[in-house]
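**Student:** Sharing a structure, written as structure tokens. Questions coming.
The values are calculated or read from the model by the stated rules, or taken from the named source; none is laboratory data. On a predicted model such as this, the values are computed, not experimentally measured, just so you know. Quick reminder, even Gly has a Cβ in these numbers, built from the backbone with ideal geometry, and neighbours come from all protein chains shown. Protein only, heavy atoms only, side chains kept; ligands, DNA and RNA dropped before computing areas. Shrake-Rupley method; radii C 1.70, N 1.55, O 1.52, S 1.80 Å.
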Amino acid sequence: LPTPLSSFVGRESACRALSGLLDAHRLVTVVGPGGVGKSRLAIEVADDRQERWPDGTFFVELTGADEVDDIIGDLAASLPWNSDGAGGARTADALERSLDGRSVLLVLDGAEQLADPLGDVVEHLLESAPDVTVLVTSRAPLHIPGEQLFELPPMQLPEGRSPGQPDAEAVELFLARLGTPADTLHADEITAVDQLCRLVDGLPLGIELMAAQAAHVPVTTVLDQLRSGRQDVLAVQRADARDSDPSLELVLDNTMQLLTSDQRALLGRLSVFRGSFDLLGVRAVGGPDAVDDFARLREVELVLLHPRSGADRRFRLLDTTRTFAERLLAPEESDRAKRLHAEYYRDLARHLGERLGDPTTMRHLRRESLNLRAALRWFLTSDPAGATAFARVLAEFADTWLDYAASLALFEQLLETAEHQPDAADSDRAWIQIAIGWPLFLTGEPARAIELTE
């Protein structure tokens, strides 16, 4: 196993879960988005459990392999009993014979580029060498019998600060790489660290790159540069970076090599979603035949299952992935995706508006609030007549999205829109007038509030 040069931070529950899987199964594949720390987790768990495999624990880096013969050669070269120069274990059969009867853990790192041929090699190897266990890291599964997937999520992000609260995993890693204890930072610096961890979605690679930036300038300055656009989150590298050193952009570029042009286009269209979304939304934006391409995006961890997803299966893009995906579409394709998204949520707003009061409807509204707001903004800017369709939903929910002054401004805009749209539905006009009443009353115009409501 390689010896990491930095400390291992956090991930206690992931280590326990992965270790348990290795006790129960002979093939475990750690999957997750690029930069999430799959390789480091695999090394840590393998190193901690070396006594479990008395004949050895061996690490094989597969990133540079171009074909199956390279894989077999790298596997064979990693085994000390094949290092006598005889070269007998350079074929698949010879490798299997070399491992038969030995209790070994093989850690195969970076398997996504050769997942299919690697799957064949591993399947035959596990069949012929019953005491071998294989731990794979990859952005895509091998798809062979007995494979157990372990999906590694980004690190835990801070959810709010209170005195004495322990740091979230992401913040703990940032401070460890910065070499600065939390109690030496000012409140604005702690806030900046929290926000930098959020900007990179809790991805360890992004956190370490941000911490490297903060080693040279104040952490608040790093945040200001990113917010002002003077620095691109995806392009951030270490100050002494070489061309080959990873950035989040380079990691995503490499993941694009696993996709077809149609799959890349679908990822670009999915960038219009805000918050979580479901398969109906995917079909609305990507077309009725998008499901197969969507499955591939899920498989390579560009689309993640929402952490609070229930039986209805909702999905999300990391913000860094969304930023990258927005660049995949030509302007006209981007405009079309935004229009399809807005039209889908306009229709959903009408449908849900007719069922307000039902607990299921209210939960659906809460889950879709960010998408409904994005769709409403699109209509107000691009097709004002369609904005009136959101009135009934807004009448129920505007106070949870906006303060009263902002609600009033929005409903005044909708009211003016409806007055200039002769084909606006009477029921939409009515719901706008009902919805505007309460903000008017609270902001000092009770007479007009009563008039509109009546």
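**Student:** For segment 308-402, which fully contained helices (runs of 4 or more DSSP H) count at least 1 residues that are within 28 Å of the chain's Cα centre (by Cα)?
**Tutor:** 319-326, 331-353, 359-367, 369-382, 391-401
**Student:** Can I ask one more? Is there a residue in segment 362-380 that is more than 23 Å from R314 (Cβ to Cβ), open to solvent by 10 Å² or more (accessible area, probe 1.4 Å) and not aliphatic (A, V, I, L, M)?
**Tutor:** Within segment 362-380, not a single residue is more than 23 Å from R314 (Cβ to Cβ), open to solvent by 10 Å² or more (accessible area, probe 1.4 Å) and not aliphatic (A, V, I, L, M).
**Student:** Only one of A405, A395 is open to solvent by 10 Å² or more (accessible area, probe 1.4 Å) and more than 23 Å from H341 (Cα to Cα). Can you tell me which?
**Tutor:** Result of the check over A405, A395: A405.
**Student:** Taking the conditions exactly as written (open to solvent by less than 10 Å² (accessible area, probe 1.4 Å) and in a helix (DSSP H, G or I)), does A295 satisfy them or not?
**Tutor:** The answer is no for A295.
**Student:** If you don't mind, another one. For the structure I just gave you, tell me whether L114 is within 22 Å of E61 (Cα to Cα) and free of Cβ contacts under 8 Å to residues at least 60 places away in the same chain.
**Tutor:** yes
**Student:** For residues that are open to solvent by 70 Å² or more (accessible area, probe 1.4 Å) and not hydroxyl-bearing (S, T, Y), tally how many sit in segment 25-75.
**Tutor:** Looking only at that region, the number is 11.
**Student:** Which members of segment 179-197 meet the condition of being assigned to a helix (DSSP H, G or I) and under 14 Å from T220 (Cα atoms)? Quick ask: steps written out before the conclusion?
**Tutor:** Step one: of segment 179-197, the residues assigned to a helix (DSSP H, G or I) are 182-184, 187-197.
Of everything in segment 179-197, those that are assigned to a helix (DSSP H, G or I) and under 14 Å from T220 (Cα atoms) turn out to be A187, D188, E189, I190, T191, A192, V193, D194, Q195, L196, C197.
**Student:** Further question on the same structure: Before we move on, is A295 free of Cβ contacts under 8 Å to residues at least 24 places away in the same chain, of a type in the set (G, A, S) and over 27 Å from P384 (Cα atoms)?
**Tutor:** In short, yes.
**Student:** Follow-up question, since we're still on this one. Name the residue, out of V233, V222, V200, that is modelled with pLDDT of 90 or more and surrounded by 14 or more Cβ atoms within 10 Å (Cβ to Cβ).
**Tutor:** Answer to the selection: V200.
**Student:** May I ask you to list pairs of residues, at least six apart or on different chains, whose Cβ atoms are under 7 Å apart, with the first in segment 353-376 being more than 15 Å from A387 (Cα to Cα) and without any contact (Cβ under 8 Å) to a residue 40 or more places away in the chain and the second being open to solvent by less than 20 Å² (accessible area, probe 1.4 Å) and part of a helix (DSSP H, G or I)?
**Tutor:** Close Cβ pairs (under 7 Å, with a partner that is open to solvent by less than 20 Å² (accessible area, probe 1.4 Å) and part of a helix (DSSP H, G or I)) amount to R355/T361; T361/L352; H364/L352; L365/L352; L365/V393; L365/F397.
**Student:** Moving on. For segment 414-451, what are the residues that are more than 16 Å from A349 (Cβ to Cβ), open to solvent by 30 Å² or more (accessible area, probe 1.4 Å) and part of a helix (DSSP H, G or I)?
**Tutor:** Going residue by residue through segment 414-451, those that are more than 16 Å from A349 (Cβ to Cβ) are 415-416, 419-423, 426, 433, 436-451.
Remaining after also requiring open to solvent by 30 Å² or more (accessible area, probe 1.4 Å): 416, 419-423, 426, 433, 438, 441-448, 450-451.
E416, E419, D426, Q433, W438, F441, L442, P446, A447, R448, I450, E451 - these are the residues of segment 414-451 that are more than 16 Å from A349 (Cβ to Cβ), open to solvent by 30 Å² or more (accessible area, probe 1.4 Å) and part of a helix (DSSP H, G or I).
**Student:** Working carefully through the options L250, L259, find the one that is open to solvent by 20 Å² or more (accessible area, probe 1.4 Å), of a type in the set (A, V, I, L, M, F, W, C) and either within 22 Å of L205 (Cβ to Cβ) or assigned to a loop (DSSP other than H, G, I, E, B) (or both).
**Tutor:** The conditions single out L250.
**Student:** Another question about this same structure. Need a quick list: strands (runs of 3 or more DSSP E) entirely within segment 87-178 having at least 2 residues that are modelled with pLDDT of 85 or more and surrounded by 20 or more Cβ atoms within 10 Å (Cβ to Cβ).
**Tutor:** Where strands (runs of 3 or more DSSP E) fall fully within segment 87-178 and carry at least 2 residues being modelled with pLDDT of 85 or more and surrounded by 20 or more Cβ atoms within 10 Å (Cβ to Cβ), they are 104-109, 132-138.
**Student:** I need the full set of residues from segment 15-62 which are closer than 24 Å to V200 by Cα and assigned to a loop (DSSP other than H, G, I, E, B), in order please.
**Tutor:** The answer is G32, P33, G34, G35, V36, G37.
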